[in-house]
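Chemist: My questions will all concern the structure given below.
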2 protein chains.
Amino acid sequence: MSGTDHGAQADWSGPQPVMVLVAPQMGENIGFAARAMWNFGLERMRLVTPRDGWPNPAAVATASGASRVLDHVGVFESTADALGDLDYVFATTARSRDLTKPVMTPERAMAHTRALIGEGKRVGVMFGPERAGLENADIVQANAIVSVPVNPGFASLNLAQCVLLVAYEWRRQTGEDAPEVVEMAGTQFASQVEVQKLFEHFAQRLDDAGFFFPDHKADSMQMNLRNMLSRMPLTQMDVQTFHGMLRQFVRWKERGD
Amino acid sequence: MSGTDHGAQADWSGPQPVMVLVAPQMGENIGFAARAMWNFGLERMRLVTPRDGWPNPAAVATASGASRVLDHVGVFESTADALGDLDYVFATTARSRDLTKPVMTPERAMAHTRALIGEGKRVGVMFGPERAGLENADIVQANAIVSVPVNPGFASLNLAQCVLLVAYEWRRQTGEDAPEVVEMAGTQFASQVEVQKLFEHFAQRLDDAGFFFPDHKADSMQMNLRNMLSRMPLTQMDVQTFHGMLRQFVRWKERGD
């Protein structure tokens, strides 16, 4: 994926949630998480006691184009310190049997985040270390849990994938991406009159060729043809192509070979 | 993420879209794509001319728990062969300036897929090789384009991440995951009468302690306390904890030390 250009640049600035990586182990994964964030315009990362210290050259290497995320990373000595200035915190984890806590899908969590941020609140999302995930001592500091509804028989999201899905949902909840557009390659859709004229051209040539046979079926055959042309999303270029085909059949016929 | 148990098992079977990897290069990435699929219950993969042939031990190694996806993979000699029995095909790519084609978000594309599959149609989603992505010769065979609305200044989704987001959206469109639930750790929310009795216990003890002072503010102080207790999502366990605290203050007072 590269080069998409929809989505206003302005969407990528402004208030946004902070991604808090608690006790991440591999520097590489910190870099991958930074890339996942920046794909969807998130750029605020905090680290709690990264295993290999900070800065970490391995993180910089894997972050590559997303190094701006790492340039401004905050490093904290405890989860409480990292969350101290936030108003609302999510913990990403599987549902816990040990703690009574709201559990939201990423969709609901990021919709809630959008609402909170709209009220001027500061929101964070915690992610645990690669192997073990967040411990209960961290989760109890969160207001709610985010749990990705994965296959109960196979749940293997890694840290960067989990960050990616949260970042994607943030973008989905806040972006103004049209669900569907038609990319027009240097052309426009044909107007009604252009389609009608194409139909008339077809009808004339097909009549010349004896296509509308037998006579008592000619009307319904023409109706079906007219309907088919309206049903197709014809561009002006498509219409010209059909006109060209029809003219070429005439030339072919006149050539008589 | 592991161990989530919401989402009925039944959701993971039944008709689903086919993921078609066109000319994948690294076997490792085929395995990662399989994992991404199986996280969200997709298990039908097709390969078009995988660079290193098939089967590929590197794919098996990275797929690990998702090997069932690879066990049933179909291998084809051309894109046309791989798509031949499908009714509707998406191409995942950035928007193309060269081709007039509908462009959908993953969300819309999977909602459309759900509708098509509901009508008994067979749907596929094509993904291009890691570096170059799909070529126009492949894209023209698709009915529509899926484009992830990434940061226009940083679009770096890899193959498995792209598969992951499509699979996630499939799950989101077809699953019946409650947006928000409260995980109850061996307790229930307190009933109205339990909260009322807790309030009365508080009011009694605080009155004994001379908390409601001055007198003319006592009523509003009680109202605020009652309101606070209703505002909090108290469990039966929380209520017992508060009762225990209040009893302990009485003991502490009576101890007189």
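Chemist: Amide H neighbours of B:Val182 under 5 Å, at least 5 residues apart or on other chains, H built in the peptide plane: list them.
Modeler: Here A:Val103 satisfy the definition.
Chemist: To test your reading of the geometry: what angle, between 0 and 90 degrees and rounded to tens, separates the Cα axis of helix B:106-118 from the longest principal axis of chain B?
Modeler: Here the helix axis deviates by roughly 80 degrees.
Chemist: Continuing with this model, one more query. Using only protein heavy atoms and a 1.4 angstrom probe, determine the accessible area buried between A and B, summed over both sides, in Å² to the nearest 100.
Modeler: Numbers: alone 15670 and 15690 Å², together 25190 Å².
Answer for the A-B pair: about 6200 Å² buried.
Chemist: Please report the carbon-and-sulfur percent of the accessible area for the protein assembly as shown; probe 1.4 Å, protein heavy atoms only, DNA, RNA and ligands left out.
Modeler: Numbers: 13000 of 25190 Å².
The nonpolar share, carbon plus sulfur, comes to 52 percent.
Chemist: Here's something else I'd like to know. Hey, what's the per residue convex hull volume over the C-alpha atoms of region B:104-246, in cubic angstrom?
Modeler: Output value, Cα hull per residue: 231 Å³.
Chemist: In chain A, with Lys and Arg counted as +1 and Asp and Glu as -1 at Cβ, which of these residues, A:Asn136, A:Trp252, A:Val18, has the Cα nearest the positive end of the dipole, that is, farthest along it?
Modeler: A:Trp252
Chemist: How large is the translational diffusion coefficient of chain B in µm² per second when you combine the Kirkwood radius over alpha carbon pairs with Stokes-Einstein at 37 °C and 0.692 mPa s?
Modeler: On the way: Rh = 22.6 Å.
In µm²/s, the coefficient is 146.
Chemist: If you roll a 1.4 Å probe over the heavy atoms of the protein chains, what accessible area per residue do you get for the protein assembly as shown, in Å²? Intermediate results must be reported in sequence, preceding the final value.
Modeler: Working: 25190 Å² over 514 residues.
Spelled out: the 1.4 Å probe surface of the protein assembly as shown, per residue, equals 49 Å².
Chemist: Let me ask something else about it. Given the DSSP H assignment, sum -39500 (n - 2.57) over each helix run of at least 4 residues in chain A and divide by its residue total; what's the result at 222 nm in deg cm²/dmol, nearest 500? Write down the numbers at each step before the final one.
Modeler: On the way: 10 runs with 117 residues, N = 257.
Computed ellipticity for chain A at 222 nm equals -14000 deg cm²/dmol.
Chemist: Can I ask one more? For a quick size check, give me the Cα extents of region A:106-184 along its three principal axes, largest first, whole Å.
Modeler: So the extents along the principal axes, rounded to whole Å, are 51, 36, 18.
Chemist: Please report, in whole Å, how far the alpha carbons of region A:185-257 spread along each principal axis, starting with the longest.
Modeler: So the three principal-axis extents are 38, 32, 14 Å.
Chemist: 5 Å is the cut-off here: which amide hydrogens, built 1.01 Å from N in the peptide plane, fall below it relative to B:Leu134, excluding neighbours closer than 5 in sequence?
Modeler: B:Gly128
Chemist: Say the dipole of region A:207-256 comes from +1 at the beta carbon of Lys and Arg and -1 at that of Asp and Glu; which of A:Gln240, A:Phe211, A:Leu229 then lies farthest toward its positive end?
Modeler: Farthest along the dipole direction, towards plus: A:Gln240.
Chemist: Using Cα atoms only, what is the angle between the long axis of helix A:236-255 and the major principal axis of chain A, expressed in degrees (0 to 90) to the nearest 10?
Modeler: Relative to chain A, helix A:236-255 is tipped by roughly 30 degrees.
Chemist: Next up: If you average the sequence gap of Cα pairs under 8 Å that are 6 or more apart and divide by the length of chain B, what percent do you get for the contact order? Present the calculation step by step, with values, prior to reporting the outcome.
Modeler: Details: 349 pairs, mean separation 51.1, N = 257.
Dividing the mean separation by the residue count of chain B yields 20 percent.
Chemist: Moving on. If you average 1/r over all unlike Cα pairs in the protein assembly as shown and invert the result, what Kirkwood radius do you get in angstrom?
Modeler: For the protein assembly as shown, inverting the mean 1/r across all distinct Cα pairs yields 26.8 Å.
Chemist: I'd like the Karplus ³J(HN,Hα) series for region B:41-55: coefficients 6.51, -1.76, 1.60, θ = phi - 60°, whole numbers in Hz, and an x wherever there's a Gly or Pro.
Modeler: Values per residue, Gly and Pro as x: x, 8, 9, 10, 10, 10, 10, 10, 6, x, 3, 9, x, 8, x Hz.
Chemist: Compute the label zone of A:Ala137 within region A:56-84: residues whose backbone N is under 14 Å from the point 7 Å along Cα-to-Cβ.
Modeler: Hits in region A:56-84 for A:Ala137 at 14 Å: A:77-81.
Chemist: Count the net charge of all other residues whose Cβ sits under 12 Å from the Cβ of B:Leu159, scoring Lys and Arg as +1 and Asp and Glu as -1. Show your work: numbers first, answer last.
Modeler: On the way: positive: B:Arg35, B:Arg131; negative: B:Glu28, B:Glu130.
Taking every other residue near B:Leu159 into account, the sum is 0.
Chemist: Another question about this same structure. Could you tell me how many degrees, from 0 to 90 and to the nearest 10, lie between the Cα long axis of helix B:215-231 and the main elongation axis, the longest principal axis, of the Cα atoms of chain B?
Modeler: 30
Chemist: Label position 7 Å from Cα toward Cβ: report the copy-to-copy distances for B:Ala178 in nm, one decimal, ordered from shortest.
Modeler: Ordered by distance, the counterparts are at 3.9 nm.
Chemist: Still on this model: Could you order B:Ser230, A:Ser147, A:Ser67 so the one with the most accessible surface comes first? Probe is 1.4 Å. Please report the intermediate quantities before stating the final value.
Modeler: Values: B:Ser230 70, A:Ser147 0, A:Ser67 45 Å².
The ranking, largest first, comes out as B:Ser230, A:Ser67, A:Ser147.
Chemist: Something else about it: Which whole-number percent of Cα pairs in region A:35-95 have a distance greater than 14 Å? Please report the intermediate quantities before stating the final value.
Modeler: Working: 1149 of 1830 pairs.
Summing the P(r) tail past 14 Å for region A:35-95 gives 63 percent.
Chemist: Past 32 Å, Cα to Cα: identify those pairs from A:Lys197/A:Lys217; A:Lys121/B:Lys197; A:Lys121/B:Lys101; A:Lys197/B:Lys101, in the order given.
Modeler: A:Lys121/B:Lys197; A:Lys121/B:Lys101
Chemist: Let me check something: with ligands and nucleic acids excluded, how do A:Trp252, A:Trp38 order by accessible area (1.4 Å probe), largest to smallest?
Modeler: Values: A:Trp252 145, A:Trp38 25 Å².
So the residues, ranked largest to smallest area, are A:Trp252, A:Trp38.
The values are calculated or read from the model by the stated rules, or taken from the named source; none is laboratory data. Since this is a predicted model, take the numbers as computed values, not measurements. Reconstructed Cβ throughout: ideal geometry from the backbone, glycine too, with neighbour counts over all protein chains shown. Surface accessibility is based on the protein's heavy atoms, side chains included, excluding ligands, DNA and RNA. Shrake-Rupley method; radii C 1.70, N 1.55, O 1.52, S 1.80 Å.
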